[in-house]
Amino acid sequence: MFVVLLTYTAPRQEIDYLLPDHMEWLASQYEHGHFVASGRREQHLGEVMVAKPMSRGKLDALLAADPLALAHYAHYEVVEFSATRTCPELRLLNEALAR
């Protein structure tokens with residue numbers, strides 16, 4: 001799995017202009033089953049997204065298609081981890097149980 005820390009790199013007005021396109025892109029990631037959770041970081045600094053297990057290359061390609069990335073309005077820090085403990089609702093994502 002991946003935790004993606006998105007940090008805005010443009011003025012808030014420019015970010016706000018692209019947010020509807022970004023939200024449409026985000027909805028598409030949920031529709032395709034790529035993301036588990038997402039939300040805005042405090043003080044409008046950016047967002048946090050949690051992605052399901054996939055290849056790093058696939059995740060990088062998904063993030064590169066984000067309208068915020070295409071406009072160079074965001075920086076993405078990706079943290080990869082193996083989910084070995086989960087709440088019951090996320091049991092299907094528990095990589096230790098999948099073995």
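Couplings for the range 31-48, taken from phi via the Karplus curve 6.51 cos²θ - 1.76 cosθ + 1.60 with θ = phi - 60°, read 4, 8, x, 8, 10, 9, 7, 7, x, 7, 7, 4, 6, 6, 7, x, 9, 10 Hz in order; Gly and Pro are left as x.
Each peptide in 67-76, 84-93, 49-58 receives the mean, over its residues, of other Cβ atoms within 10 Å, and ordering these scores from highest gives 67-76, 49-58, 84-93. Taking +1 at the Cβ of each Lys and Arg and -1 at the Cβ of each Asp and Glu, which of 10, 57, 92 sits farthest along the dipole of the chain towards its positive end, judged by Cα position relative to the Cα centre? The residue sitting most towards the positive pole is 92. Take every Cα pair under 8 Å whose residues are at least 6 apart in sequence, average their separation, divide by the length of the range 1-53, and the relative contact order is 53 percent.
Taking every alpha-carbon pair in the range 2-93 and binning the separations at 10 Å intervals from zero gives 15, 51, 27, 7, 0 percent. At full extension, residue 72 and residue 36 could sit 10.5 nm farther apart than now, given 0.36 nm per residue minus the alpha carbon distance.
For the range 82-91, 3J(HN,Hα) computed residue by residue from phi via the Karplus equation (6.51, -1.76, 1.60; θ = phi - 60°) reads 9, 6, 10, 9, 9, 6, x, 5, 9, 3 Hz, glycine and proline entered as x.
Magnitude of the charge dipole for the chain, about its Cα centre and with charges confined to Cβ atoms of Lys, Arg (+1) and Asp, Glu (-1), is about 440 debye.
Take every Cα pair under 8 Å whose residues are at least 6 apart in sequence, average their separation, divide by the length of the chain, and the relative contact order is 39 percent. Legend: calculated FRET efficiency, residue 16 to residue 91, from the Cβ-Cβ distance at R0 = 41 Å, rounded to 0.05, equals 0.65.
We did not get these values from a lab; they are worked out from the coordinates using the rules stated. Bear in mind that the values here come from a model prediction, so they are computed numbers and not experimental data. Neighbour counts are summed over all protein chains in view; Cβ atoms, including those assigned to glycine, are modelled from backbone coordinates with ideal geometry.
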